[in-house]
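Step one of this worksheet: look at the structure below.
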Amino acid sequence: EWKWPRRRYVNERPAEYSFAMDVLAQTCPDTVLDVGPGETAWPRILENCGFRVTAVDRVEGYWQRYLNRHYFVRIADITTPNAFAGRRFGAITCISTLEHIDDFDTAVAHMLNLLVPGGTLICTFPYCHDTYVSNAYDHPDCSMRIKPRYLCRIFSRKQVDQWCRQHKVRLISEAHWRIFEGALWQHGARIYPIERVRSDQVHHLGGFAFQKAK
């Protein structure tokens, strides 16, 4: 008798993809740049929805072996935008990627510069309204037994507000989810199902859509 293989844990992607899709359905961009898809099918899903998609990821320092079986991913570093000279996009998605980038402020600036006027940047990342953590994996209360070799930031409202002020963009949508039993990202056991909550409730993940001025 055939049996299902042992299930991996259910991660936060369903919530993140749902948030991003809601924003894309409301804004209907023609072209989408996806930054950091890794090995996921997210760029293919976007293409199947009718968007013209370009996908980019950085391999060095993150992947020992890299292959995306679902979509052609161009190897590029979003913090060095020379590879995108002359290109502009109606929307950019950055799903659970920004927290792993060393120079995240430069990444945000370059992504916003790559948008057409009125374009939308959609980001999801570990988030706590009042607390910024430079690397969640180094936090003494982190519950992970095996720590990844790359960093994972927890962003706060301070960074979100700073991006809006510095780049004169407007926050048009946001969402928050509770994923762990503890206070911060990777603190305590995961909860199932994850809960969408208000910003004044305990939360671990945020979704944010920034609109560039027209």
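The values are calculated or read from the model by the stated rules, or taken from the named source; none is laboratory data. Since this is a predicted model, take the numbers as computed values, not measurements. Here Cβ is always computed from backbone atoms with ideal geometry, including for glycine, and neighbour counts include all displayed protein chains.
A few remarks follow.
- Residue 171 vs. criteria over 29 Å from residue 26 (Cβ atoms), touching a Cys at 6+ places or on another chain (Cβ under 7 Å), among the hydrophobic types (A, V, I, L, M, F, W, C) and in contact (Cβ under 8 Å) with a residue 12 or more places away in the chain: no
- Subset of the range 70-89 [among the aromatic types (Phe, Trp, Tyr) and modelled with pLDDT of 90 or more]: 71, 72, 89
- Verdict on residue 145 being closer than 20 Å to residue 39 by Cβ and part of a loop (DSSP other than H, G, I, E, B): no
- Scanning the range 126-185 for residues that are more than 15 Å from residue 100 (Cβ to Cβ), surrounded by fewer than 14 Cβ atoms within 10 Å (Cβ to Cβ) and among the acidic types (Asp, Glu), we see that the one that is modelled with the lowest pLDDT is 141.
- The range 47-68 - residue that is among the charged types (D, E, K, R) and at pLDDT 95 or above and, of those, nearest to residue 112 (Cα to Cα): 52
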